Amino acid sequence: MRIAIVNDVMMAVEAVRRVVISSSGHQLAWVALDGEDAVARCAADTPDLILMDLIMPKMGGVEATRQIMASTPCAIVVVTANVDDNSSKVFEAMGAGALDAVNTPVLESLGATSYPEGPNGAAALLAKIETIRKLIGAAPPNRLSPSPNHSVEDQDGSSGPLVVIGASAGGPAAVAKLLSQLPADFPAPIVVVQHVDSQFSRGLVDWLDCQTPLQVRLAQEDDRPSAGVVLLAANDNHLVFESPTRLAYTRHPLESSYRPSVDVFFKSVASFWRGDVIGVILTGMGRDGAEGLRALREKGHDTIAQDRATSAVYGMPKAAADLQAAAEILPLEQIGPRIANLLAQKIKAHG
C-alpha cells in the first residue's frame with residue numbers, strides 16, 4: 001500500500017515512517033506537516049492509507065479527515081500521542097470517516113533500531129495497517145457464518161422485538177445520532193456492532209451514554225438483551241447469539257477481515273432470535289454487514305440502510321443496497337423515528 005503520514009512533530013514522523021518502510025509491500029507516499037497541507041496533497045495524490053495526527057497547526061486531524069472524506073476519500077487511521085487522552089477528538093475523527101486509532105510508536109531516540117512493545121510499539125501500528133490492507137483488498141465476505149459450535153437446543157426463545165445495528169467508518173457519530181432520537185422507555189433491546197478497537201470500546205460506550213437517554217454498556221459473555229438497554233460489542237472477537245436469548249463471543253470465523261464482524265453477528269441473529277428484528281446498516285467502508293442484513297431480510301425481518309447523502313463513507317450501506325438486503329434506504333435523521341414507528345406497529349399487532 002501507498003501510505004501517507006500527517007504529523008507536525010518530526011520525531012513522530014520519523015517513528016511512523018520507520019514502521020511503514022519496515023514492512024514489505026508498503027511505501028511512503030508523502031508527508032504533510034498539517035491538516036491543510038494533507039488535504040491539498042491528498043487531492044493531488046490520493047494514497048491508499050493516511051496515518052493522521054489529531055493536534056496540528058493550521059488545521060487539525062478532525063477537520064482534515066472531514067475534508068478529505070468529502071473530496072478525495074481514502075482510508076484514514078488516527079495516529080496520535082495518546083488515544084485515551086484525546087478520546088473525544090478520536091471519536092470526532094471517526095465520525096468524520098476515520099477507520100481506527102492507535103498510539104504513535106515511540107523511539108528512545110532517532111537512532112534507535114528497535115521499538116517498545118505494547119500500545120506504544122510498532123506492532124500495534126503494523127497490526128492496524130494490516131487490518132486496513134485486508135479491508136481495502138478483501139473479497140466480499142460471503143463465507144461468513146455463525147460459529148459451527150452454535151446450537152439451537154435452547155428452546156426458551158424470545159418473542160419480543162430486537163434492534164441490531166452495524167457500522168464502521170463514521171459510525172460513532174451516526175450511532176449517536178440514531179440513539180439520541182429514541183425515547184428513554186424504548187421497548188426493545190438494541191445491540192450495536194461498531195468496527196472499533198477494543199482499546200477504546202469503553203470510551204465509546206461512555207461517550208454514547210451521554211448522547212442518548214438509553215443505558216449503554218459493553219456486551220458481556222452470557223448477556224441477555226433487555227428492553228431499553230444498548231449493548232456494544234466489546235472486543236476483537238465476534239459477538240454472536242449462541243442461543244435464542246444469550247450472547248457470547250467467538251474467534252470464528254478466523255478468516256474474517258472484520259473483528260468484530262457485523263455479518264457474523266447478523267447471521268447469528270437470523271439463526272437464533274425468535275422475535276421480530278429490525279436490522280440497520282450505517283456508514284462504513286467495505287462490505288461487512290451486507291450478507292448478514294440480507295439473511296435477516298430473507299427471514300422476513302425489517303431491514304434499513306443509511307443513504308449515500310448522509311453516510312460519511314458509502315461502502316457498507318451501498319453493499320447492502322446492491323444486494324437488495326435493505327428493504328428501506330433512508331437518510332440518517334429518519335432512521336431513528338422509523339425504528340420507533342416500526343416497533344409501535346409490531347407491538348400493536350401482537351396486542
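Things to note:
- Residues in the stretch 34-53 that are in a helix (DSSP H, G or I) and surrounded by 24 or more Cβ atoms within 10 Å (Cβ to Cβ): G35, A38, C42.
- Members of the stretch 276-293 found to be among the charged types (D, E, K, R) and within 15 Å of V163 (Cα to Cα), listed by number: D276
- Residue among V196, V175, V191 that is under 15 Å from the mean Cα position of the chain (by Cα), under 25 Å from R308 (Cβ atoms), in the same structural domain as D263 (by TED's automatic domain parsing) and at pLDDT 90 or above: V175
- Being within 22 Å of R133 (Cβ to Cβ) and either among the acidic types (D, E) or without any contact (Cβ under 8 Å) to a residue 40 or more places away in the chain (or both) is a property that holds for V78.
- Residues being touching a Gly at 6+ places or on another chain (Cβ under 9 Å) and either crowded, with 21+ Cβ neighbours inside 10 Å or more than 25 Å from I76 (Cβ to Cβ) (or both) are entirely absent from the stretch 198-205.
- In this structure, A64 does satisfy being surrounded by 22 or more Cβ atoms within 10 Å (Cβ to Cβ), over 19 Å from A122 (Cβ atoms) and either touching a helix residue (DSSP H, G or I) at 6+ places or on another chain (Cβ under 6 Å) or not aromatic (F, W, Y) (or both).
- Just one of the listed residues (A188, A234) is in a loop (DSSP other than H, G, I, E, B) and within 19 Å of G284 (Cβ to Cβ), namely A234.
- Top-ranked residue in the stretch 279-323 [being of a type in the set (V, I, T) and over 14 Å from the mean Cα position of the chain (by Cα); ranked as surrounded by the fewest Cβ atoms within 10 Å (Cβ to Cβ)]: T310
- Hey, V6 over 16 Å from T104 (Cβ atoms), at pLDDT 95 or above, buried (at least 18 other Cβ atoms within 10 Å of the Cβ) and of a type in the set (A, V, I, L, M, F, W, C) or not: no
The values are calculated or read from the model by the stated rules, or taken from the named source; none is laboratory data. Just so it is clear, the structure is predicted and the values come from calculations on it, not from any experiment. Because the Cβ atoms are built from the backbone with ideal geometry, glycine has one as well, and the counts that use them run over all protein chains shown.
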